[in-house]
Structure formats: structure tokens, C-alpha cells
Amino acid sequence: VSNTVSAGTQKWTRINIPSTDDNQLAPATDLGAIAVSPDGETLFAAIVGNPYTGESVNAEFPVGTWQVVKSTDGGYSWKIAGDFADVTAANSDTTQIVAIGISPDWENDGRVYVATQDGVYSSKDRGKAWSSRGASTDSDGNPISTINCMDVSLDENGDAIVVIGSTVEVYILF
């Protein structure tokens, strides 16, 4: 990704994604949430097997299944980010990915978080292995309604804080 900032003005620069199918990250997929690491070198994106065409190009991207992909070369090439789909399947979570958050201390901790409508998942190793962070119920055992946003920050000790917003409440994980 080239830096196109000049004279105090930022400009949008298109990331050229090589593909035979109209610059898609993977054939017959749609793009969802996307995030870039603080150092600008790593991108994560949510993609889903295209629910509009009903086509499934391969087993990695079945129709309607959300997956996380990762690029370490500015968006030129993309690979599946570890075992995310396996972990969500084990949690019976087939809902849309609504947000991806990367730790502000990415260089040191390599943490990335993904929120679906039903849960939050994290990786401590730059997207190789994923685990569920829960989010179906709050600390009192009350169900959390549909998650629709997430943010990641650091507390005064440098530990990650994850905040999610549902359709009716805001929750914090620390």
C-alpha cells in the first residue's frame, strides 16, 4: 500500500487485489469487516462464500460461511487466518463477522480479535490459532443480544481491553 499523503491531505488509494474474478479476495466471496495492524504491514479481512450466487468455489469458502483471511504484503495476496472457521463451527456460530480489531500493541503481543453477531474470538499468535472469548452471556448469566460493533484498546498496564456493543447494551472484557 503506498502512502498518498501530501501537503496535509490524505487521499484514498485503491489496493490492487489480483484475481480472475473482479478483484475479489477469493472467487465467489463477499468482503465484510477489515482491519490493518498498527505497523501497517498486516491486514485481516472477513469474507463469506457468496450468498447471492449460491456458488461454492471450493471447500474453504462454502456459501454463507464466514472466514478470516490475512495479508502480510499490503493486500496483494491473502491466506486463510488459521483455524478461525473450525473454532466458530465448534461453537455453532455461523453468524456474520461484524468487526475485526487488532491490538494497539500488535508488535509485542500479536493479538487480533474478531466479533461475530454471537461471540468474540481472539488469537494470540497473529491469526494462526483462535479461541472463543465467549459473549453469549454477561457476567450475571444474562444473554447478550446481537453484537454489532467492537473496539480494542489498552489499559494503563498495557493489557488489552475489548469493548462490544450489542443492539441494546455495551460490554467490556478485561
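The values are calculated or read from the model by the stated rules, or taken from the named source; none is laboratory data. Just so we're clear, the structure is a prediction, and the values are computed from it rather than from any experiment. The protein model used for the area step is the full one, side chains on, heavy atoms only, and it has no ligands, DNA or RNA in it. Shrake-Rupley method; radii C 1.70, N 1.55, O 1.52, S 1.80 Å.
Ligands, DNA and RNA are left out, and with a 1.4 angstrom probe the accessible area of the stretch 63-115 is 44 Å² per residue. For the stretch 87-174, the relative contact order is 22 percent, taking Cα pairs closer than 8 Å that sit 6 or more residues apart in sequence and dividing their mean separation by the residue count. Ordered from highest to lowest accessible area with the whole protein assembly present and a 1.4 Å probe, Arg111, Arg14, Arg133 read as Arg14, Arg133, Arg111.
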